[in-house]
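Accompanying notes for the structure given below.
Read the figures in this text as sums done on the coordinates, not as results from a lab. Computed from a predicted structure; not experimentally measured. Positions of Cβ are backbone-derived with ideal geometry, glycine not excepted, and every protein chain shown enters the neighbour counts.
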Amino acid sequence: MYHRIYPLFNGCFSIFFKSVPAMENIHCFAFLVVDEDGEMLLVDTGFSPAYIPGLNTGFTRNPEHEIPAAIDKLGFDPLAIKQVVMTHLHWDHTAGMNDFARARFFIQADDFRGLLHLNPNEETYYNPNHWFNLLPQMELVEGDYELKPGIKLIYNGGHTRGHQLVEVQTRSGPVVLAGDSPFNYDLLWEMISPEGWRLFREGPGQRFYWSDNVLSDIQNHLEQQGRLGPVKGQAIPWKDMKKWGTRLITSHDPRNLKLGCIE
């Protein structure tokens, strides 16, 4: 089955640090995928201006860039979306999950298991408040998975322990929605000293760290699902993905503004 892909612009955010390079004017996109029967699938749900972890943050967003509004502007009903694929669980992809609270959410089990094995301060990449109430609606996927005819989820890891791609069959050929696959922020965060992290955690960054019960609740959920254990997958490097010969579209590429509908 063939599908159309609509990039959904969600606005931009910026984070300015004193001691490391700035993350400035980062464009954010989700993607609406529509099949020949009009059935919709959403890939990621965008960021919230209320939660941009860091110092000296900023954003630009118009009301029409809210994901439900962007879908409505295309002539589709956002409340009719039954399936949402999360490429990964970083804060800038999960903020709108509760806007689609009737849907099932497809996430790699490794991305969820990886939450139990984060590096120091890495929890600031995530906001469990975006999705904790939706745990009963999460489908934990193990590796590559055909979600429906023409839609395949592909495990690639790297950016997070369970990052996944979405391969979409269009009339012009396969397109891979690659999320944040090219990016690794380890070096950026290592440039901040332990003392700098301590001051951040005890001061303005306190709200970006998790409460004490979050890890135990995640562990209990994985245990109930029979998915507790180590991260299983092996990451596929971005340089290898570029050799596939498939069209790759990432979630922060400003060129997506010019794409229009991909058919």
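For the stretch 75-196, give the magnitude of the charge dipole about the Cα centre (Cβ charges: +1 Lys/Arg, -1 Asp/Glu; no others), in debye to the nearest 20.
600 debye
By DSSP, what percent of the beta bridges with both residues in the chain are antiparallel, rounded to the nearest 5?
Taking every DSSP beta bridge within the chain, about 75 percent pair in antiparallel fashion.
Given the Cα-Cα distance of Phe17 and Arg4 and 0.36 nm per residue of separation, how much length would full extension add, in nm?
That works out to 0.8 nm of additional length.
What number in nm² do you get for the stretch 111-218 if you take the convex hull of its Cα atoms and divide its surface by four?
8.6 nm²
Where Lys and Arg each count +1 and Asp and Glu each count -1, what net charge lies around Gly114 among other residues with Cβ under 10 Å from its Cβ?
Surrounding charge for Gly114 is -1.
Can you tally the net charge around Ala95? Count Lys and Arg as +1, Asp and Glu as -1, for every other residue whose Cβ sits under 13 Å from the Cβ of Ala95.
It works out to a net charge of -3.
Give me a comma-separated list of calculated 3J(HN,Hα) values for the stretch 100-113, in order, Karplus coefficients 6.51, -1.76, 1.60 applied at θ = phi - 60°, integers in Hz, x for any Gly or Pro.
Each residue's phi maps through the Karplus curve to give 10, 5, 8, 8, 9, 10, 9, 9, 5, 4, 5, 5, 6, 4 Hz.
For n ≥ 4 DSSP H runs only, could you compute -39500 (n - 2.57) per run for the chain, divide by its residues and tell me the 222 nm figure to the nearest 500?
-4000 deg cm²/dmol
Neighbouring Cβ atoms within 10 Å as the yardstick, rank Thr250, Thr45 fewest first.
Thr250, Thr45
Cut-off under 17 Å on the C-alpha distance; same-chain residues fewer than 8 positions from Lys148 excluded. Which aspartates and glutamates are left, in chain and number order?
Asp35, Glu36, Asp37, Glu39, Glu139, Glu167
Any lysines with Cα under 26 Å of the Lys239 Cα? List them, leaving off those in the same chain fewer than 8 positions away.
Lys152, Lys258
Kindly give Rg over Rh for the stretch 3-258, based on alpha-carbon atoms, with the Kirkwood expression for the hydrodynamic radius.
Reported Rg/Rh (Cα atoms, Kirkwood Rh): 0.94.
Taking the Cβ-Cβ separation of Trp244 and Glu139 as r and a Förster radius of 35 Å, what is the calculated FRET efficiency to the nearest 0.05?
0.85
What are the extents of the Cα atoms of the stretch 1-91 along their three principal axes, in Å, largest first?
51, 25, 17
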